[in-house]
Protein chains: 2
Amino acid sequence: MNANDKFIATAAQVDEAAVQPLPNSRKIYVEGSRPDIRVPMREISQADTPTGFGGEKNPPIYVYDCSGPYTDPNAKIDIRSGLPALRQQWIEERGDTEVLPDLTSEYGRQRAADPALDELRFPGLHRKPRRAKAGANVSQMHYARKGIITPEMEYVAIRENLNRQQYLENLRNTGPMGEKMVKLLGRQHKGQDFGAAIPQEITPEFVRSEVARGRAIIPNNINHPESEPMIIGRNFLVKINANIGNSALGSSISEEVDKMTWSTRWGGDTVMDLSTGKNIHETREWIIRNSPVPIGTVPIYQALEKVNGKAEELTWEIFRDTLIEQAEQGVDYFTIHAGVLLRYIPMTANRMTGIVSRGGSIMAKWCLAHHKESFLYTHFEDICEIMKAYDVAFSLGDGLRPGSIYDANDEAQLGELETLGELTDIAWKHDVQTIIEGPGHVPMHMIKENMDLQLKHCKEAPFYTLGPLTTDIAPGYDHITSGIGAAMIGWYGTAMLCYVTPKEHLGLPDKNDVKEGIITYKLAAHAADLAKGHPGAQIRDNALSKARYEFRWDDQFNLGLDPDKAKSFHDETLPKESAKVAHFCSMCGPHFCSMKITQDVRDFAAQQGIGEAEALEKGMETKAVEFVKSGAELYRKV
Amino acid sequence: MNANDKFIATAAQVDEAAVQPLPNSRKIYVEGSRPDIRVPMREISQADTPTGFGGEKNPPIYVYDCSGPYTDPNAKIDIRSGLPALRQQWIEERGDTEVLPDLTSEYGRQRAADPALDELRFPGLHRKPRRAKAGANVSQMHYARKGIITPEMEYVAIRENLNRQQYLENLRNTGPMGEKMVKLLGRQHKGQDFGAAIPQEITPEFVRSEVARGRAIIPNNINHPESEPMIIGRNFLVKINANIGNSALGSSISEEVDKMTWSTRWGGDTVMDLSTGKNIHETREWIIRNSPVPIGTVPIYQALEKVNGKAEELTWEIFRDTLIEQAEQGVDYFTIHAGVLLRYIPMTANRMTGIVSRGGSIMAKWCLAHHKESFLYTHFEDICEIMKAYDVAFSLGDGLRPGSIYDANDEAQLGELETLGELTDIAWKHDVQTIIEGPGHVPMHMIKENMDLQLKHCKEAPFYTLGPLTTDIAPGYDHITSGIGAAMIGWYGTAMLCYVTPKEHLGLPDKNDVKEGIITYKLAAHAADLAKGHPGAQIRDNALSKARYEFRWDDQFNLGLDPDKAKSFHDETLPKESAKVAHFCSMCGPHFCSMKITQDVRDFAAQQGIGEAEALEKGMETKAVEFVKSGAELYRKV
């Protein structure tokens, strides 16, 4: 659909690309302590090892799956109806919420009543909004602090473990080599975790304790029961966020829904809808109702539209109504730039690039116009009251983040970070889940200071960073300049990485850019998990490397983050199907292959009586015989 | 040209894409102490700052330029003739070389005499090969140790300084704001250099001393006088290498020459020709004669072709003849896998991916077949004798580098590194320039150990690493998995980064992949320079950020590493020329722009009497007036 085409709700369709099965993959559900806790994972099956390499079975790998029902062939997908409300029962059971007769927000009611919007309004919501009963607090942090393990907490515990025990068990059961397969494929380097406290196995109780102490959050608004629980914290897998959203200059509702399904397909753990153009309210409704992942927003963007872009006309009342409007739609976390204080604003005057955060600049403008602290700051406890009534989490925005290498780690940025730490204390006083946003543009050697100060000022509340970009000189490649910084800060302890696409600084990302940003950030997050020594993180690397070594081409593609691209790259030089079982590749060609030599080496090692080599004895014996047969040639014809 | 088309020497043409001027760029030459020392740089001119932002002049930026005469509109380019021999005079003047009557290598003479090769042989070489006179040593290290500053050393000193003093002088001369412009645009963060010793200004004497102590090399074979001198060492700008070369399965001479010109256009500091297919000798001749950058090879690849791929049939005599053949063609550095010792080979038996270095596996195979140390090791001093007669530098290959995260930093890899340190001592005894190759696949937290051990064992001989890849799970994106590791190890002290393209593990890179790899590694190398605090590294970031802040779109594109891509990305959403002077972009649209707010902030800061704000007083006064006039609106129509 073209951005200029008219969007018609009744004709809306799911993006076909988002519901295609991934190669050799199957959606499985791991059941928890009750039948409605069904945690999705993607199972990737593998071919057997070729006989010449040992011939063993390779059990399937389980990977984290953000794609929701879209990749489940048994799910009926109709984006006009939205996803099933999987958490509805859990929310109702707690008995601390009430169904409201109508939207609380005045603006929300106006939009709902406007017949001009009928044509594009999401048609599938037949629920009324829900809110905490008077005096109740429905945040996961509140439950956690009361010692309650919610189904959401159990769900994320199962999810984080990635069915690892099952995989190891399957390895053990492959045959006589089982124990040795476990040793080989389950081995992992000891990481450097900089003081994180990652257990070998994630238990529901561990999840509860982490949420209770504020070291992790489970963002799931009671009005977004369609979302699959996930957790953000430094003792869990590093997560990534994908920004989508239209601007005054382009993109339609349909395109934004497509970007959301596309993002989650490739591994976006959360999605932020940063729309600033037309029909923000309706666009968001479509996104939330169809999103299996938590949705974040920056409510001030919409508030600004309500005052026609005049920041100085913003008021607490307009902002408050916007928060409630969005909370009742089901937004899971709000970026709130409450740390932009009057005293920090002049500190940005000497910067190279001033204030580059949109939210930060809106608030700076307001502060300047009124010569007082912003309503985000003065009404912070009022905001907490709203957050806890719906379980919306804070993402405390870094309105003064640096927009250039020059401005990195300056007094404005670090001053604001201290204030964000103070606001974290207030949010926690209300049991409101909180994460902290971080920079921006920072050269490599100054990245760790960001993490260290954040841990200190914000007492281990999860850090959520944009990159950081490690140089300014590569517009068009800022997914990479920032992917470097993201991997590093993820290693140091950042819990969620906000992706940057190749279009950063240049334009709005399209679907291709979204995918490029997602994959770049998935690999950065995984590199961080490996470096932290996150238990089991290396399993996928090990399996893929084994497939690579054994010339199981399809397995190599399928175990990777982007099987489609890997396969298409391979096929550019060796397109035939037969090449995918060939024991060589286009880099060296068929006449010599370094991978093959290792078999000879193993043979030699065995002759020398190298103990560890026995681990692979079955494979080696086969090979030794074959080596003699084939006359010591390096290459065996396929 | 298609790989299957026949290559005809007399019809060969330069790739038109390689000779297009870069936007707003001009080739300049900075003259040294003698008129034939003319060091190329690219001057990028900039527009004036718009009046609303201050209206100041922005002097041109100077950037490192690897593209040789191709981007000089005054140069006559004919790839059938090759590039001018700019160093010829310097080599002759030294009087320590002699012109040989014919090629020394038997194989070289055979190829030259074979009429079947006439059609594809490079037609433009009318020089005879040159070699050191009996007993002479013509390496730059030898001269350096004798206290001689060669023209090559002066050339690289000028090159490394990037005309920085001229730029600062031009800033100073922009008007009354000059000193403040210097302060703003010349400012740089103090880096963390992990014990490097980078001076504020590179002098010819500093170059000499670094080459003398082995901490840097200037790879330039006396038979490659076409090359523009460059330096590789941890106290200089971080360099990158691009691998090209055909395999038995594809690519033609013409494609490889195009990849070389394409690589250097985008910033490849050296190029390795890793051809393993047909006509290796002739392909290399075309590449060298047309290359403005040093060319590296792995001679064992060609030697293996000479014995029809049977590693065990390799002999010292065949290898020796290959070294001489290539040295007389002008190869500037040889990868020699002399550290693959018998005792390390069994250590690879328990690896996940065995021996993945092609050269390493050839030598391992040889060692196993003969049950003795390789001729590379036993004849190492004989090799040194050849190297010093032509000034070919060693790149001591890491034949046992890890091919998977699993295998990182294992005993085989680290054992070999120790041997490479011992070989470095031997090379240095002969005054042969030496760099050391490094991994491979290494998780982030294990990267620094590689650098630390390399510095220790190899006594600061320059490190030259492939990536390292920080995870195995992203085939199709290994330029990024490795770009992360490359930036980090560059920061820690690696002198040259060998690029990885998106096709790594999947196929041979085409021109697009080459460019993607180059730009990724250029930005990684630059991020490393910034983090090390390399003097002046931040100048380009500062200039680009200033252009970005002032909405000088074309300047933002042109100051970046890839102006073409940046412009095309921008134009996807705002294609009109008028949009390139617009004071907004497609991310926020025309109604609100965070960048604009900073002007208000500066005004406010000035009112508060913030001292430093005066630095920008001219800009602020203009803006203050304008702000009042425009009725405190955030957006001014263009």
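Numbers at a glance
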read-out: Pairs where the first residue, in segment B:180-204, is loosely packed, with under 12 Cβ neighbours inside 10 Å and the second is assigned to a helix (DSSP H, G or I) and not charged (D, E, K, R), C-beta under 9 Å, 6+ apart; value: B:Lys190/A:His445; B:Gly195/B:Leu455; B:Pro199/B:Phe206
read-out: Members of segment A:467-508 that are over 21 Å from B:Ser545 (Cα atoms) and more than 17 Å from the chain's Cα centre (by Cα); value: A:Tyr492
read-out: Among the residues listed as A:His526, A:His534, the single one being within 18 Å of the chain's Cα centre (by Cα) and surrounded by fewer than 24 Cβ atoms within 10 Å (Cβ to Cβ); value: A:His534
read-out: Single condition B:Asn24 does not satisfy, out of (1) touching a strand residue (DSSP E or B) at 6+ places or on another chain (Cβ under 9 Å); (2) at negative phi; (3) not small (Gly, Ala, Ser); value: (2)
read-out: In segment A:191-212, the residues that are of a type outside the set (A, V, I, L, M) and within 23 Å of A:Asn450 (Cα to Cα); value: A:Gly191, A:Gln192, A:Asp193, A:Phe194, A:Gly195, A:Glu210
read-out: Qualifying residue in segment A:501-511 (condition: at pLDDT below 95, at negative phi, outside any loop (DSSP other than H, G, I, E, B) and at the interface with chain B (Cβ under 7 Å from one of its Cβ atoms)); value: no
read-out: Positions within segment A:384-401 being of a type outside the set (D, E, K, R) and under 16 Å from A:Ala461 (Cβ atoms), in sequence order; value: A:Cys384, A:Met387, A:Val392, A:Ala393, A:Phe394, A:Ser395, A:Leu396, A:Gly397
read-out: Failed item, numbered, when A:Glu282 is tested on (1) within 14 Å of chain B (Cβ to nearest Cβ); (2) surrounded by fewer than 23 Cβ atoms within 10 Å (Cβ to Cβ); value: (1)
read-out: Matching residues in segment A:52-93 - criterion: being in a helix (DSSP H, G or I), more than 23 Å from A:His126 (Cα to Cα) and over 21 Å from the mean Cα position of the chain (by Cα); value: A:Gly52, A:Phe53
read-out: Any hit, segment B:538-551, residues being within 9 Å of another protein chain (Cβ to nearest Cβ) and within 16 Å of B:Cys66 (Cβ to Cβ); value: yes
read-out: Candidate set: segment B:354-373, residues that are in a helix (DSSP H, G or I) and among the basic types (Lys, Arg); chosen: the one nearest to B:Ala427 (Cα to Cα); value: B:Arg358
read-out: First in segment A:303-315 and away from chain B (no Cβ under 11 Å) and touching a residue at least 40 places away in the same chain (Cβ under 8 Å), second anywhere and of a type outside the set (A, V, I, L, M) and surrounded by 14 or more Cβ atoms within 10 Å (Cβ to Cβ), Cβ under 6 Å, 6 or more apart; value: A:Leu314/A:Trp366
read-out: All positions within segment A:84-104 that are farther than 23 Å from A:Leu162 by Cβ and touching a residue at least 60 places away in the same chain (Cβ under 8 Å); value: A:Pro84, A:Ala85, A:Gln88, A:Ile91, A:Thr97, A:Leu100, A:Leu103, A:Thr104
read-out: Qualifying residue in segment B:251-259 (condition: over 21 Å from the mean Cα position of the chain (by Cα), closer than 20 Å to B:Ile518 by Cβ and part of a loop (DSSP other than H, G, I, E, B)); value: yes
read-out: Failed item in (1) over 27 Å from the mean Cα position of the chain (by Cα); (2) surrounded by 24 or more Cβ atoms within 10 Å (Cβ to Cβ), with B:Gly359 passing the rest; value: (1)
read-out: Qualifying positions in segment A:512-531 - more than 8 Å from every other protein chain (Cβ to nearest Cβ) and farther than 30 Å from B:Leu559 by Cβ; value: A:Ala525, A:Asp529
read-out: Enumerated helices (runs of 4 or more DSSP H) restricted to segment A:140-190, each holding at least 2 residues that are in contact with a helix residue (DSSP H, G or I) (Cβ under 6 Å, 6 or more places away or on another chain) and within 30 Å of A:Pro292 (Cα to Cα); value: A:140-145, A:151-161
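The values are calculated or read from the model by the stated rules, or taken from the named source; none is laboratory data. Only a predicted model underlies this, so the values are computations on that prediction, with no experimental measurement involved. Neighbour counts are summed over all protein chains in view; Cβ atoms, including those assigned to glycine, are modelled from backbone coordinates with ideal geometry.
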